[in-house]
Amino acid sequence: MDVTAIADLAPVELNKLAQQLGNTPMEPIYLVIEGIARKIHLKLESENPTGSVKDRTGYSLIQTVEAQGLLSKGSVVIESTSGNLGVALSFFCKLKEYRFIAVVDPKTTQENLAKMQKLGAEIDMVDQPDEVGGYLLSRLRRVRERCQEFPTYVWTNQYSNPANPHIHYISTGPEIYRQMHGEVDALFMAVSTGGTLAGVGRFFREVSPATSVIGVDAHGSVIFGTPPAPRKLTGIGSSKSSSFITRDLYNVHMLVKDEEAFTFCRVLWQTTGIKVGGSSGAVLAACAKYLQAHPEVRNVVCVCADGGDNYADSIFNDNWIQKQGFNLSKEHLEPVQDITYGLPCSR
């Protein structure tokens, strides 16, 4: 639902919308790799109430701090966010009548900033990069400063709160398993806080240990111990390691460049009409390379964290792409020759 429409909903309607959380669809598409159509399933988290997988996280965070007795009507919630979680928390705080402060940075999309404000959030913009060239550590410092200044503020702390991975352990993972009838050979997820990977990974380790769980990260992120570097991708990667991910929860991690992620986003939209965000483009790019190296893999799921509407002024904007110095080409789609909605004709 459009956020402007959500902002105008009466409390009873907001509650009905919140109850639509989860049970997101699985959409099959085909990647043509070396002339062979490889079927993959996209878990479209954009179908959650405010449009991303972070709706699950936001719900779980608020439920948990409420259960701990830390919130009451009129409380002030604060969180560091690159965008989607801020929108989700804005929604749930509006529903619960809490004041919400979103600590963001210049990489947050204008679309997400507008959504948060329409849902009543207060925006605190951090504009100084941290010591590794990102903004996360700067945002976290700002949150801690605000909490010291105002001790009644409640920090939901998506980075360390066990409620983050837990919601994916009890909802996202079981949904994928059920929708795939228990047959998943390989499962790809983007990583930022690591909550989705940790929760889903733990679930699959218990019910389907043969499933290969692949964590997808951005070049320049330090989550898996790789060197820091500038990156334009949002909603994926981090300036610090994850509090949730342990080595036993995944099989492989893969790094994806900005150009590769953006190319997959744009080609997927052009060929199938499915519009996903940058982290989902990265997941598709990693999946393609993995499938090329593993011809035996059949039952594949890519968790698509959000839709592409948040990126109309960036990933899907030719002027923005050129301004960033990107020259997207077919080589960034390799090893994929084509992406199709239905089974392509023989070649």
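The values are calculated or read from the model by the stated rules, or taken from the named source; none is laboratory data. Predicted, not measured: the structure shown is a model, and the values here were computed from it. Please note: Cβ atoms are built from the backbone with ideal geometry, for glycine as well, and neighbour counts cover all protein chains shown.
Can you tell me which residues in the range 3-35 are of a type in the set (Val, Ile, Thr) and without any contact (Cβ under 8 Å) to a residue 60 or more places away in the chain? Give the steps one after another, and end with the answer.
First, the residues of the range 3-35 that are of a type in the set (Val, Ile, Thr): 3-4, 6, 12, 24, 29, 32-33.
Across the range 3-35, the qualifying residue is only Val12.
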- Query: Taking the stated definitions as given, is Pro209 in contact with a Gly (Cβ under 8 Å, 6 or more places away or on another chain) and of a type outside the set (Ser, Thr, Tyr)?
  - Reply: no
- Task: Filter the range 135-157 down to residues that are assigned to a helix (DSSP H, G or I), at pLDDT 95 or above and aliphatic (A, V, I, L, M), then give me how many there are.
- Result: 2
- Task: For the range 262-277, name all the residues that are outside any loop (DSSP other than H, G, I, E, B) and touching a residue at least 12 places away in the same chain (Cβ under 8 Å).
- Result: Phe262, Thr263, Phe264, Cys265, Arg266, Val267, Leu268, Trp269, Thr271, Thr272, Val276
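Yes/no matrix, rows are residues, columns are (1) closer than 16 Å to His41 by Cα; (2) polar (S, T, N, Q); (3) crowded, with 23+ Cβ neighbours inside 10 Å:
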| position | (1), (2), (3) |
| --- | --- |
| Ile274 | yes, no, no |
| Leu284 | yes, no, yes |
| Asn299 | yes, yes, no |
| Val303 | yes, no, yes |
| His332 | no, no, no |
- Read through the list (1) under 25 Å from Ile214 (Cβ atoms); (2) touching a helix residue (DSSP H, G or I) at 6+ places or on another chain (Cβ under 6 Å); (3) part of a loop (DSSP other than H, G, I, E, B); (4) of a type outside the set (Val, Ile, Thr), then give the number of the only condition that Ala282 fails. (3)
- Would you confirm whether any residue within the range 51-71 is farther than 26 Å from Thr24 by Cα, in a strand (DSSP E or B) and either assigned by TED's automatic domain parsing to the domain that holds Lys232 or in contact with a strand residue (DSSP E or B) (Cβ under 9 Å, 6 or more places away or on another chain) (or both)? no
- Message: Residue pairs, Cβ under 9 Å, 6 or more apart or interchain, first in the range 82-107 and assigned by TED's automatic domain parsing to the domain that holds Glu47, second aliphatic (A, V, I, L, M). List them.
- Response: none
- Query: Looking at Gly195, Gly235, Gly199, which is the one that is among the small types (Gly, Ala, Ser), in the same structural domain as Pro174 (by TED's automatic domain parsing) and at pLDDT below 95?
  - Reply: Gly235
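Of all residues in the range 78-124 being assigned to a strand (DSSP E or B) and over 18 Å from the mean Cα position of the chain (by Cα), which is surrounded by the most Cβ atoms within 10 Å (Cβ to Cβ)?
The residue in question is Phe100.
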- Message: Give me the residue from the range 240-267 that is touching a His at 6+ places or on another chain (Cβ under 8 Å) and closer than 15 Å to Met189 by Cβ and, out of that set, surrounded by the fewest Cβ atoms within 10 Å (Cβ to Cβ).
- Response: Leu255
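With the requirement that a residue be of a type in the set (A, V, I, L, M, F, W, C) and surrounded by fewer than 16 Cβ atoms within 10 Å (Cβ to Cβ), what does the range 65-77 give you? Reasoning before the result, please.
Residues of the range 65-77 that are of a type in the set (A, V, I, L, M, F, W, C), as a first pass: 65, 67, 70-71, 76-77.
Result: Ala67, Leu70.
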- Message: Taking the conditions exactly as written (touching a residue at least 12 places away in the same chain (Cβ under 8 Å), under 21 Å from the mean Cα position of the chain (by Cα) and assigned by TED's automatic domain parsing to the domain that holds Ile315), does Ser46 satisfy them or not?
- Response: yes
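Looking at the structure I just gave you, is Phe188 surrounded by 15 or more Cβ atoms within 10 Å (Cβ to Cβ), in the same structural domain as Val283 (by TED's automatic domain parsing) and outside any helix (DSSP H, G or I)? Lay out the reasoning, then the answer.
Values: surrounded by 15 or more Cβ atoms within 10 Å (Cβ to Cβ): yes; in the same structural domain as Val283 (by TED's automatic domain parsing): yes; outside any helix (DSSP H, G or I): yes.
Spelling it out, Phe188 is indeed surrounded by 15 or more Cβ atoms within 10 Å (Cβ to Cβ), in the same structural domain as Val283 (by TED's automatic domain parsing) and outside any helix (DSSP H, G or I).
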